[in-house]
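Structure first, commentary second.
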Amino acid sequence: MSSLSSRSIYRRRSRGSVFAGFDPILTGSVAALLVIGTLLVYAATRDWYAANNLDPEYYLKRHVLNILIGLLLAWGTTIIDYRLLRAYTPIFWGLGVLGLIIVLIPGLGAEVNGAKAWIALPGGFQIQPAELAKISIIIGMSMILSERTHDSNEATSRDVLQALVVAGIPVIFILLQPDMGTVFIISASVVTIIAISGASSRWVVALLLIAVVGAFGATKAGVINSYQVNRLQSFVNPNADVQGSGYQLRQARITVGSGGFLGTGLFNGPQTNGRFVPEQQTDFIFTVAGEELGFVGSAGILLLYLIILMRAFSIARRANDPYGRLVATGITAWFAFQIFENIGMTLGLMPMTGVPLPFLSYGGSSMFATLIGFGLLQNVHARHR
Amino acid sequence: MNQRSRLSLLVVQIFILTLMVALLGRLFYLQVAAAPKYKDAALSIQSRDVINPAIRGLIVDSSGVPLALNRVGLAITVDRIALDEQSDKGVNVLARVSNLLGLAYSDVYRATRLCGELPKYDKAGCWTGSRYQPIPITKEADPEIALQIVERTFDYPGIGATPVAIRNYPGYAGVNAAHELGYVGPVTEEDLSGKNGRSYYRSETIGKTGLEYQYDSYLRGTAGIRTVIVDRKESITRESQNTKPISGNHLVTSLDVRLQSGVESALSDAVRRARASGHPADSGAAIVMDVRNGQILAMASYPTYDPNSWEKGLSVSDARALFSEKNGVPALSRPLQGMFAPASTFKSVSVVAAANAGYNLNATYNCPSEIQVGNRAFQNFDSKPLGRVSLKKGIAVSCDTLWYQIAFDEWLRDGGLNPKTNPNDYFFKAAQGFQVNKKTEIDLPSELAGRLADRTWRKNWYAENKDFYCNYKDRAKKNQLTPFLLELARENCLDGDKIRAGDAVNFSIGQGDTVITPLKLTQMYAAIANGGKIWRPSVAKAVVSKDGKILKKIDAKQLGTLPATKATLDFLHESLREVVTGGTATGAFSGFPIAISGKTGTAQVFGKNANGTLKADTSWFASYGPTQNPRYAVVMMVSQGGFGASVSGVGVRKIYETLFGVTGSKVDPAKAIFPDGRPPSTIPKISPATKVKVTP
């Protein structure tokens, strides 16, 4: 009875004001990043496409389309009560795993840069199930760890083990692609969720240890294939491989460094316009900001990210129920580690992995996933009062 | 939310905040602290300098006839980067191109290797430039063949064709002058290192030796630089600067093509004559100098090579031949790099020494067949006793023994093997006065200084060789252990640091350890001719701009004065005239209508040729003319050529014939190279079309 009435209260509130629950700071920061990202994607591709007699606005148009679809998804995610979403969690999770399996089937999955991470769709579109799997894992784990079948307010070891299975199955499939960047980000988020769930701190310590040993063992045992080892080694010594991944890292660093304090001005970066950094509109989008907007612009972007993350923490802290809190924390951790991995790679602090930068990088799946994540944060925010 | 969750959330939040601060710190380092470094790196990634070499200035003779000019050729070039990317490293493509061009594959292969890629002992034919510039395998391709290559780029990946400026030595009037002109070539890593104090752009063509090297900074001009900004595919996105090349300036020399050509053929004639009488005659030099200012009017070196061979594309065997002993090392410039004992031509120095020592130049001296010096007998050249002769006659017939006597007496007077603290050393001092041990300072690279075997030299020599001679039995090779050499080693070990009687007497007739270059001897005889002024020899007269302005005049420079009184020089002039009228050169100059003065020299050379025969004598003739009011100093030397008079004397006569327009015993002033008897003093108008003056 009480649960029914409370549900109707939430429905009423959400129906009454579709946008009233939006966090203005979070929303404003995300909107600012989306605008900046659009400009950067355009700057990264305009000259090169024009020079090669292609439509200079090709990427701009598609990026804007991606944002619009993503915003629609975010809006949809926001208006549905997340506690209702919880009921459908197993279905989302199942769909996520299915996508990851399809990717691995020859003929259905497309291989890019040595990883089978894509499902090719008609019309030149591609879907990257791993991006959406992040959401499946976060909401799946949150569901299990917030369900209390016992009196304790804390997650038991049994809960933790169940949650790890929920996370582990998709991770195994992502490992098979292989996409180490995503595995790293998911692992960091999983540990964070478990830590916040109130589970014994021994679990947290143990999982961190497993992560370290696992990473080391994987390199040694050859689970990580040669292209990933190359990428890791070129991180350690970027001058070793002039044209390979070391080349990309070096070019990225030079591009960012050459921007200097004020940058060359938008659309005026010679490194960017000469296309010296490969995949610049996706994984290396931050180099465009580095060169053309300089330290002032790049630090501004970092500041926007910081605002988003700190805002997300406060949403998690004020969440009404464990599920909302875990979802918000999981999304925050995902965003944070993905931002750190991507920018860290661009600046030479992290090894090279193919991870897009949330809200800025070109790429549909990533844009949809991050905007859905943003929608979920809003959802939790809207219902905490 | 329980306490632990709350705490965990805070820890995670702080951790993530730390990560973001780390990113900000790193960003600050890259974009603010290290920004200059990365800006430089970015610039070097994006910008490419395309060097557009300037048109090289002409080198002309004193009347404006081109000795070096430029021609347009069609180069077939190889892109090493593209070649190396091919699965067989371009072997197949190179083979097909060699075939098409009719070149040897091995030559083309070597021509496209950087010098560092070939083994140390065999670098002939290597590419001296860099991997990043197109490497020309020929600069004179048939346009038909070039077109085939350009049209079928798919069949010839990495091969291109482009028009290039070729340095051309046209050889008007049959002139060669390879050693004086030098040649041009691509910039090497060594050139770029700035060791020679000059700076170049990588794709420039620069002077490598001769005048081309010496006056390179004037001739080369200023290369145009076009800096372009490129993208990752190396396609040009924009141009950041473009300066036009400024053509090089022209160089006017004091050479005369007709005289140069005449001197070259007189020299090769002399060599031919020497060979006909059984001498090896491995090399030679001939020089004509203006005695009033040191200007070189002609200078020849034998053997020589085609100065165009570098630009034509030197094959490996061509390159080896240039330095082969068997061919007489054609690359060597004998006038400035050949070191030979001056023999009797050195007696002019001895005359000055004797005069300064107080000997009466007008007295008579005994000229026996031999003189006992210590325990050794020193003979006259042909062992003929002449009795008492005037000094003048003694010089004319080249008596050696009278000089042995004087030198031996002076040596004894200076203390013999225990020299006084301040010996007179008249002979050494006279030689120093002639600047025998100094370079002539000619404006050509790689000149060698003569070696004056005086007391200082001998001390230094002893310090370096004492060890060898004092341990001769252990150090020498088996075939060097002959009784004569063993005795020599013993003596050298004993008192090799001292001037011995034998050294002193040998010095007086230009034998022994004293060696000089033919150019030095020319400078010395020019000084005798002009009354004692030692001029710096010069080949260049002026640097002239493209629009005819004289930018730089190379002025005559006096380096010193002979240590001789007018009376001594007058005596020397008479004696040197006597050589031609009643001495060793009489036969060579019989019937010659213009009075010439000179001195023969026949220098003994120790050692053996590669084929085991003993080395033949060096044939010298040093002269000036006309005897009254001398204008020209002419010297010829033929190494292993035999007698001075018959080989070099006759050769020098031929040079004078050309100079003065002499046929047989008749002078035709219209046929003279310089009709008024004076080399031109004005700077000619410069045009590549200037023709050789035709004498009737």
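Is one or more of the residues making up the range A:136-156 modelled with pLDDT of 80 or more, surrounded by fewer than 20 Cβ atoms within 10 Å (Cβ to Cβ), assigned to a loop (DSSP other than H, G, I, E, B) and not aromatic (F, W, Y)?
yes
Looking at B:G649, is it of a type in the set (G, A, S) and either surrounded by fewer than 24 Cβ atoms within 10 Å (Cβ to Cβ) or at pLDDT below 90 (or both)?
In short, no.
Of the residues A:P358, A:P322, only one is within 14 Å of another protein chain (Cβ to nearest Cβ) and either at pLDDT below 90 or surrounded by fewer than 21 Cβ atoms within 10 Å (Cβ to Cβ) (or both); which?
Answer to the selection: A:P322.
May I ask you to say which residue of B:S87, B:S63 is hydroxyl-bearing (S, T, Y) and touching an Asp or Glu at 6+ places or on another chain (Cβ under 8 Å)?
The match here is B:S63.
Is it the case that some residue within the range B:482-495 is over 24 Å from the mean Cα position of the chain (by Cα), among the polar types (S, T, N, Q) and closer than 20 Å to B:V373 by Cα?
Checking the range B:482-495: at least one residue is over 24 Å from the mean Cα position of the chain (by Cα), among the polar types (S, T, N, Q) and closer than 20 Å to B:V373 by Cα.
Mind listing whichever residues of the range B:1-54 are more than 9 Å from every other protein chain (Cβ to nearest Cβ), over 30 Å from A:S314 (Cα atoms) and in a helix (DSSP H, G or I)?
B:A33, B:S44
If you take the residues of the range B:205-223 that are assigned to a helix (DSSP H, G or I) and without any contact (Cβ under 8 Å) to a residue 24 or more places away in the chain, which of them is surrounded by the fewest Cβ atoms within 10 Å (Cβ to Cβ)?
Ranking the candidates gives B:S217 first.
Quick check on my filter: what residues within the range A:269-289 are buried (at least 24 other Cβ atoms within 10 Å of the Cβ), under 11 Å from A:T45 (Cβ atoms) and facing chain B (nearest Cβ under 9 Å)?
A:N273
Residues of the range A:340-369 being outside any loop (DSSP other than H, G, I, E, B) and out of contact with any Lys or Arg (no Cβ under 9 Å at 6 or more places or on another chain), which ones?
Result: A:F340, A:E341, A:N342, A:M345, A:S365, A:S366, A:M367, A:F368.
What do you reckon, is A:S361 closer than 22 Å to A:K134 by Cα and of a type in the set (S, T, N, Q)?
Yes.
Looking at (1) more than 30 Å from A:R325 (Cβ to Cβ); (2) modelled with pLDDT of 85 or more, can you tell me which one B:D84 breaks?
Of the numbered conditions (1) more than 30 Å from A:R325 (Cβ to Cβ); (2) modelled with pLDDT of 85 or more, the odd one out for B:D84 is (2).
Table: residues versus (1) modelled with pLDDT of 95 or more; (2) of a type in the set (S, T, Y); (3) not in a strand (DSSP E or B).
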position: B:R198; (1), (2), (3): no, no, yes
position: B:S203; (1), (2), (3): no, yes, yes
position: B:I225; (1), (2), (3): no, no, no
position: B:V228; (1), (2), (3): no, no, no
position: B:R232; (1), (2), (3): no, no, yes
position: B:K244; (1), (2), (3): no, no, yes
position: B:L255; (1), (2), (3): yes, no, yes
position: B:E264; (1), (2), (3): yes, no, yes
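The values are calculated or read from the model by the stated rules, or taken from the named source; none is laboratory data. These figures come from a predicted structure and were not determined experimentally. Backbone-built Cβ (ideal geometry, glycine too); neighbour counts: all protein chains shown.
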